[in-house]
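Structure record follows, encoded as structure tokens.
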Amino acid sequence: MAPVPDHPPPSPPPSADPSPVSSPDPSAAPPDGGPAPDGAPLLAMTGITKSFPGVRALDGVDLDVLPGEVHCLLGQNGAGKSTLIKVLSGAHRPDAGEIRWRGERVHLTSPTAAMDLGIATIYQELDLVDGLSVTENVHLGHEPATAGFVRSRAARAATAGLLARLGHPEIAPGTLVRDLSAAGRQIVSMARALSHDVRLIVMDEPSAVLDPDEVDNLFRIVGDLTAAGVAVVYISHRLEEIRRIGDRVTVLKDGRAAARGLPARTTPTREVVALMTGRDVEYAFPERSAPPEPAGTATAPQEPPPAAPAPVLAVEGLARKGEFEPVDLELRPGEIVGLAGLVGSGRSEILETVFGARRPDAGRVLAGGRPLPPGSVRAAVRAGIGLAPEERKTQGLLMLESVVRNVSVSSLARFARGGWLDRARERAAAHRSTRELSLRPDDPSVPVRTLSGGNQQKVVLARWLLRGCKVLLLDEPTRGVDVGARAELYALIRRLADDGVAVLLVSSEVPEVLGLADRVLVLREGRVVHTAPAGELDEHRVLDLVMEGSPSR
């Protein structure tokens, strides 16, 4: 992630007071529970505490949100953000504390109760029904009906109006959600929230799957909502977005509010990062290792340098109609190659085709010099290729299973004897892999769904580490991962490369590609338009190539 330029704060730093902007007094609301007076918060959460077995997720958190503001909620993975918004959405009941809505104390006993008040939540992992149409998802649970009969035409017309309002009239109301892109699903989820009479919308990482134009459209929508008096609680790990769209910021750390009501546009980035992590974090990538000096160089400089190692992965003329044109690339041991391009440029499709999850229309993939049968994930895994997919929760993890099973699932044959699984060996091996990656908590028996995003990504990497893979395909490896965990993942990826693993990396963040990769392929509309060492490129050059797409080599 590119650093956000620091701006001097308009007042002394808030470090001396963790709550620089005090919450308005909820008691100022009228006793009849009517609309709160001007200046009073729309929402006031006070002393919210929530514990789960073995962990206190929230410890006396306060949050106040004013009408028509964008209140940004920041914190590392595991800081308590998800738990807090689930309390606000009615999915969790707090153990202690109170919630006031428009000045009146309320009990959010269910998501329906929250929605009835006008509180809608758009989760990062969208809760849509793939087998239903866009219209059916938008109006699920509150279909327009007369005398018990659903008015389908009215529902479709209302859905079309919402999609047009969101800037995506091209999405047909009758389309099945399973046929939409990730960005399209995000729009449907937003349309569903707006189909209710909402006064506050919680957006959890809404830009994670959007390209720059779609992010601009998202910000336009947020601006329209706040202009109409709707409040937005906005969660993002992209600090540059907070600076651009936010009004105030609340920072969570270890289940507590490290700061409340910080001015979003003027609080220095380093201060926000320090509040989130408890330490200063540099936006620096690990140094690339120098190539090993050839043996005997000091005593026999006349000897020619050794030949470059043979590629562990070669892609020759690989193509899929309508997704990407023929691609050629080679990966050598210890090399990181990045694919840069906009969403929809074919980056993820290339990775999935190399992995065998998609069958190519042309070309071939060679591992260790041997061609792999097209469209075979099993063959790719046996050849030492591992994939960490973009949608790790739905495509890369067994969310209800333990860390142990998620790590060992691709290597179970190693722990089987006479048809029986040796669970002790399985657990020990999985634990060794997770310890190498500094997984937190250091308990392989916990369900993987309880881990933060950064630690879930480590579980996926631990799986391939245990498998002993030679090639790692990483698709958006830091999506939904906080600043501190990003630095850990960057160091981990570089360490794996230094140990000889070849890495093919996809990221929507150009600085991430340039900071990690040794060599970069720039894609536009499914075509490789430029290939160069990462050191010869900068962010502006890559964006120019992405937008212009003039072929160059």
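One table, with the values for the structure above:
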| quantity | calculated |
| --- | --- |
| In nm, spacing of pseudo-spin labels at D127 and R423 (7 Å Cα→C-beta vector) | 3.2 nm |
| Accessible surface, 1.4 Å probe, highest first, among residues T267, T46 | T46, T267 |
| Given charges at beta-carbon only (K, R positive; D, E negative), |dipole| of the chain in Debye | 1860 debye |
| Positive-end extreme of charge dipole, the chain - chosen from A379, V106, A227 (charges on Cβ) | A379 |
| Net charge contributed by nearby residues that have their C-beta within less than 14 Å of T83 (K/R +1, D/E -1) | +4 |
| Size of electric dipole in the stretch 56-189: Cβ of Lys, Arg +1 and of Asp, Glu -1, about Cα centre, debye, nearest 20 | 260 debye |
| Whether the stretch 161-209 is rounded, prolate or oblate, judged on the alpha carbon gyration tensor where a/c under 1.5 counts as rounded | oblate |
| Amide H contacts of L523 (H built 1.01 Å from N, under 5 Å, at least 5 apart or other chain) | A340, G341, V529 |
| Inter-label distance for A491 and E104, nm, one decimal - labels placed 7 Å from Cα along Cα-to-Cβ | 5.2 nm |
| Whole-number percent relative contact order across the chain, with pairs defined as alpha carbons under 8 Å at least 6 apart | 15 percent |
| Per-pair calculated FRET efficiency, R0 = 30 Å: D442 and E287 via Cβ, rounded to 0.05 | 0.60 |
| Accessible-area value, M190, 1.4 Å probe, nucleic acids and ligands omitted, Å² | 10 Å² |
| Prolate/oblate/rounded label for the stretch 448-524 (Cα gyration tensor, a/c 1.5) | oblate |
| Projected-area mean, the chain, by convex hull of Cα positions, square nanometres | 31.0 nm² |
| Prolate/oblate/rounded call for the stretch 160-258, Cα gyration tensor, a/c under 1.5 rounded | prolate |
| Peptides 395-403, 411-419 ordered by average Cβ neighbours within 10 Å, highest first | 395-403, 411-419 |
| Cβ-based net charge around L117, under 14 Å, with every Lys or Arg adding one and every Asp or Glu removing one | +1 |
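The values are calculated or read from the model by the stated rules, or taken from the named source; none is laboratory data. This is a predicted model, so every value here is computed, not measured. Neighbour counts run over all protein chains shown; Cβ positions are idealised from the backbone, glycine included. With ligands, DNA and RNA removed, areas are computed over all heavy atoms of the protein, side chains included. Shrake-Rupley method; radii C 1.70, N 1.55, O 1.52, S 1.80 Å.
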